[in-house]
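Shown next, in structure tokens, is the structure this report addresses.
The values are calculated or read from the model by the stated rules, or taken from the named source; none is laboratory data. A quick note: this is a predicted structure, and the numbers were derived from the prediction, not measured. For neighbour counting, all protein chains shown are included, and Cβ atoms are generated from backbone atoms with ideal geometry for every residue, glycine included. Note: areas computed on protein heavy atoms with side chains; ligands, DNA, RNA excluded. Shrake-Rupley method; radii C 1.70, N 1.55, O 1.52, S 1.80 Å.
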2 protein chains.
Amino acid sequence: MKVLLVFAHPEPRSLNGALRDVAIKELTAQGHEVLVSDLYASGWKSEVDRADFPSLAPDARFTPVRASGEAFAADALTDDVQAEIEKLLWADVLILQFPLWWYTMPAILKGWVDRVYAYGFAYGVGEHSDSHWGDRFGEGTLAGKRAMLLVTTGGWEEHYAARGVNGPIDDLLFPINHGILYYPGYDVLPPFVAYRVDRLDEAGFEATAERLRERMRTLATTPPIAYRRQNGGDYLIPSLQLRPGLDDPGVTGFALHLKGAAAAAPAQD
Amino acid sequence: MKVLLVFAHPEPRSLNGALRDVAIKELTAQGHEVLVSDLYASGWKSEVDRADFPSLAPDARFTPVRASGEAFAADALTDDVQAEIEKLLWADVLILQFPLWWYTMPAILKGWVDRVYAYGFAYGVGEHSDSHWGDRFGEGTLAGKRAMLLVTTGGWEEHYAARGVNGPIDDLLFPINHGILYYPGYDVLPPFVAYRVDRLDEAGFEATAERLRERMRTLATTPPIAYRRQNGGDYLIPSLQLRPGLDDPGVTGFALHLKGAAAAAPAQD
């Protein structure tokens, strides 16, 4: 398979850098082709602004959605954005690797999403009708491909558990897994998360590395998160509310959007 | 009161720009002092990188947490970051205003958080003991102050409701409200959210503006979201798990971290 790894840590000699190298080595050993977008090393520009749309008239009001759609349609996106779009189209698997900063991705990676996810490419795709509300949440340009997160955090696993003070890790990552990866069509694999990384000794690193190698060996076979397809019949259109009766009465929040949510809901541990 | 509004939209002639002006005008009319950090207009740098820490030796491994802590302790943060910290200390109320892009804040605002929230200022504060796990989640440098989000989105309110396909808006904003604002001590007010803003006509704008004015008039009196204090007895230390028996059995996910979560949980509408 072809794998694109988007890397968002400023220090190559970091744990993230080491884990990236572990992943690439294992993927290569398995015969996969790997491309890396190293956002810091390439000097990625994080901000969506007028400079992204050189064809916009200097006195025109800048509306990001409209400018993005017009530039995508006219093949007038900037070269850095266009290159990332081509990598996404090339890759069978997308891996986003980042340290969890303030419970989500670093700004530079958010800026990769904000800029690369053009209107007409990652959203604003497909028709709207009584039974179909755009190609999104399970359909879209990137359907048929797989994606997963590779995340490190200084916090303890318990702090991110079902009853942990940070909130459950699956819920913290839902806006990314569901809202950014599932949205344009990816099958989203469960995330790889390394906890308490500030205190990792050699044995801890090797255990983490081996766990990561196993995930890299099973990229093609790991079952994706069972999100419900927006246009698959589970949602009313156009309100996009989950139909009554599909879920267990005890399930609320993000877990509603999983098929068999009752089984998948976090245990009260 | 003193109010700091951090503004993260690239176009002053946008709906966001208009709502910002509405907010400022009403706050000023109420006798409040207002400062605006206009991130795009000021050319805010979004990426945490080595340039943020000029005293770091060129060949030293860059560890963001350590570099941040050392620079904060040595009063060696960059001028742009230091200026924002001083504004945060000055302000009684912080408002973060942004369009919801991919279910969270734009990269430039995430970069404001990543860079301004220095170690020793916004995290890494307070002692760790058997009954206290740092000054955070309800305690910290910014305790006693209030904060709120001012958010616009093109999506419909129904799509962000308890059973909407995007996930409930309160859950989508939890990593910001709880993880970014409550963490360093803010009392977090319920967010102001304007939906379906791409289709707003003049009457729609005026209704939204009036709703916003009312929120600006009640900044001092609106009850904050009833998050549980980390060190207030509700969590076991050091696992930071919510103690058994405090919550209703039907409540899961982020809603567990609200006092009286059963009452506050989203209705099955």
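For the reader, a short list of remarks on this structure follows.
One line per residue, one yes/no per condition, for (1) in contact with a helix residue (DSSP H, G or I) (Cβ under 6 Å, 6 or more places away or on another chain); (2) under 26 Å from B:L189 (Cα atoms):
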{"position": "B:E47", "(1), (2)": "yes, no"}
{"position": "B:R50", "(1), (2)": "no, no"}
{"position": "B:T63", "(1), (2)": "no, no"}
{"position": "B:A91", "(1), (2)": "no, yes"}
{"position": "B:F98", "(1), (2)": "yes, yes"}
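- Among the residues of this structure, A:L35 counts as one that is surrounded by fewer than 17 Cβ atoms within 10 Å (Cβ to Cβ) and assigned to a strand (DSSP E or B).
- Residues being within 14 Å of the chain's Cα centre (by Cα), aliphatic (A, V, I, L, M) and open to solvent by less than 10 Å² (accessible area, probe 1.4 Å) are entirely absent from segment B:71-80.
- Some residue of segment A:70-88 being in contact (Cβ under 8 Å) with a residue 24 or more places away in the chain, under 30 Å from A:M1 (Cα atoms) and polar (S, T, N, Q): yes
- The one condition from (1) more than 14 Å from every other protein chain (Cβ to nearest Cβ); (2) touching a residue at least 24 places away in the same chain (Cβ under 8 Å) that B:G31 does not meet is (2).
- Meets criteria (open to solvent by less than 60 Å² (accessible area, probe 1.4 Å), of a type in the set (V, I, T) and within 11 Å of chain B (Cβ to nearest Cβ)) for A:V48: yes
- Residue that is least open to solvent (accessible area, probe 1.4 Å) [pool: residues in segment B:51-70 that are within 14 Å of chain A (Cβ to nearest Cβ) and of a type in the set (D, E)]: B:D52
- Restricted to segment A:213-234, and to residues there that are without any contact (Cβ under 8 Å) to a residue 60 or more places away in the chain and farther than 30 Å from A:A194 by Cβ, the residue that is farthest from the other protein chains (Cβ to nearest Cβ) is A:G233.
- Which numbered condition B:G253 fails, given (1) within 23 Å of the chain's Cα centre (by Cα); (2) free of Cβ contacts under 8 Å to residues at least 24 places away in the same chain; (3) within 14 Å of chain A (Cβ to nearest Cβ): (2)
- Of the numbered criteria (1) open to solvent by 30 Å² or more (accessible area, probe 1.4 Å); (2) under 18 Å from B:V151 (Cα atoms); (3) modelled with pLDDT of 95 or more, the one B:D198 fails is (3).
- So B:E26, is it crowded, with 20+ Cβ neighbours inside 10 Å, over 19 Å from B:E86 (Cβ atoms) and over 20 Å from the mean Cα position of the chain (by Cα): yes
- Yes/no for B:K2 being open to solvent by 40 Å² or more (accessible area, probe 1.4 Å), within 14 Å of another protein chain (Cβ to nearest Cβ) and in contact (Cβ under 8 Å) with a residue 60 or more places away in the chain: no
- Some residue of segment A:185-198 being within 13 Å of another protein chain (Cβ to nearest Cβ), closer than 20 Å to B:I176 by Cα and of a type in the set (D, E, K, R): no
- Scan of segment B:126-179 for residues that are among the small types (G, A, S) and open to solvent by 10 Å² or more (accessible area, probe 1.4 Å), ordered by number: B:G126, B:S129, B:S131, B:G138, B:G140, B:A143, B:G144, B:G154, B:G155, B:A161, B:A162
- Here B:D130 meets the list (1) modelled with pLDDT of 95 or more; (2) over 30 Å from A:W133 (Cβ atoms) almost entirely, failing just condition (1).
- Scanning segment B:5-18 for residues being over 18 Å from the mean Cα position of the chain (by Cα) and open to solvent by less than 30 Å² (accessible area, probe 1.4 Å) gives a total of 4.
- Residue within segment A:219-228 that is open to solvent by 40 Å² or more (accessible area, probe 1.4 Å) and among the polar types (S, T, N, Q) present: yes
Quick grid of which residues meet (1) away from chain A (no Cβ under 12 Å); (2) surrounded by 19 or more Cβ atoms within 10 Å (Cβ to Cβ); (3) of a type in the set (D, E, K, R):
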| residue | (1), (2), (3) |
| --- | --- |
| B:L96 | yes, yes, no |
| B:P106 | no, yes, no |
| B:K110 | no, yes, yes |
| B:A122 | no, yes, no |
| B:L181 | no, yes, no |
